[in-house]
Amino acid sequence: MRNDNKNNDEEGGIATRMTNPGIIDRLEQDIQDYLHEFGFRIERECNDDNDVDYQTPLKDTAVIYIPTLPYSYSVNTTDEGTPTIITNTQSISGPVGTLHLHIQNESLLPTIGPLLRTLLRLAVHIPPQSLRAILYCDFVLDPLHKLSKMSALQQREHLEQQEEIAARKMVNAVHMLVRNSMGSALCLDVAIVLPCYWRRRKSDGGADVDDGRKSLPISKLAVKQAMEGNCDACYPSIHLEERVDNEIVFSSCDNGIDSGSYPSSIRLTVSTRMCTVRHQPLLFRWVSQIGSDHSVDATETVHSILPLQTGLDDHKVPLIVACIEKPGNLHRILMLCYQYRPRFTSVLSNLIVVMPDDGERSGLKQLFQEAIDHFCRSILNQDGTYVQDSDEGCLSTLSYEGDAVSLIRSRLQHEQDGRTSSTPQEPSIIGIDLHPNALTLSGSDYACQAQAALVNANAIIFGYESTGIPQNIDEILNSWVQIPSRSSINLVAAMSIIFDVMMNTL
């Protein structure tokens, strides 16, 4: 992505050229579905060759126009009882809520992308640009961590360019964040507080002296210049803020950013990769409170928006069925289940992982099994839960899509047989999906009908991220629950929110 050489188009807003086909396609769909009403536009660029395919849209280049504050947008509504369409103009002068994210490690900055994508989709009744996310890079970059492996000439060259190298590393991290958000980070009002970097001094021989290094802030100018020099990673809509003497300095030119002057704010820390998963329910509650006018004081923190705990205990944990297309997505789901221990020890053992049928039914299952085995060895082995070559290790069950219904029914029947009650009852099987008869969760009021249904469910089904719940499994559902969102959210985010509704252990 690169700057369009001018920050504002004729209608106002920041123009950013996109060069990633996948992000272009996703943003184009998001703008068509819900972002267009807030003034977002995207235009495919065309060939300018008069001889070949003149004015033919290019597949991998587009310009997105991002509105800036303050701005106005129009909402069309239908007058009740008449076909008359009423156009209301809404004005947005500043942010209505601010997410403060303190990031503890350089490698964690790209993991913020999916969190921001979920935030955009969960904020159903909030204009995207009125949600501000301030990302505090609370770490120190080491631009020359491989210095000892360089030749003397390379060492001298790199020692002269330490801030430039640190700036390029930051640009790459920001690019990965935007890419992992599938462009959603560009649709929010995002500011990044730049980190410091270790600056080494040269010894008499020109080599590095570790005990002579000191921490210095990366300048905003250095990062902007690095962005402008990278045609695939230039994001003029993202505000950059720098530190002076290790203190954060917000410039007056970037929309008057002030870390504590908004009607509603929430402050979260990201110290591990799983933090972004476990923070999803907190964002769900927070944006629900903003959207329902239950304002949260600017000084409130995570703990002030926690709901009361439910009556769910370990023996009531339902069967959890997760439809997963890629083995790479399995680890975070297993980790999510694991982190609800020790209070809910049966979450992992109640998990059924459903895979797509892959023809010969060989290669895909092996990849999923290897992912489970790796999780058992690397995670469960640390607390003595995992016993190698034993059936009592992870206990999560793998199933092909075609076999899933019989497995679910068998597990539910086994549960029914173990009950003391002699009166058979139809099991409650809930699908987490958009459905005309679905109960809707409320982030501002967990004591709702949807929560009661989840707490009393015998099985909860999560569909594939791309196609939803498979048809054969959908036919055995007798209830549905939906998470209010502009569009579908990823599987682990949905599971984290649903688990929180049921178990409330955050």
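The values are calculated or read from the model by the stated rules, or taken from the named source; none is laboratory data. Just so it is clear, the model here is predicted, and its values are computed rather than measured. Positions of Cβ are generated from backbone atoms using ideal geometry, with glycine treated the same way; all protein chains shown enter the neighbour counts. With ligands, DNA and RNA removed, areas are computed over all heavy atoms of the protein, side chains included. Shrake-Rupley method; radii C 1.70, N 1.55, O 1.52, S 1.80 Å.
Can you give me the accessible area per residue for segment 400-506, using a 1.4 Å probe, in Å²?
Values: 4810 Å² over 107 residues.
Result: 45 Å² per residue.
Would you mind checking which residues have amide H under 5 Å from residue 45's amide H? H placed 1.01 Å from N; only 5 or more apart, or other chain.
Amide H neighbours of residue 45, under 5 Å, 5+ apart: 58, 61, 62, 63.
What's the ranking of 188-197, 369-378 by average number of surrounding C-beta atoms within 10 Å, highest first? Please list the in-between numbers first.
Numbers: 188-197: 23.4, 369-378: 16.4.
In descending order of packing, they fall as 188-197, 369-378.
Starting from the Cα of residue 367, move 7 Å in the Cα-to-Cβ direction to define the label point; list residues of segment 449-468 whose amide nitrogen is under 20 Å from there.
Residues passing the 20 Å test: 463-468.
Test of understanding: what is the full-extension gain from residue 382 to residue 400, defined as 0.36 nm times their sequence separation minus their Cα-Cα distance?
Taking residue 382 through residue 400 to full extension adds about 3.5 nm, to one decimal.
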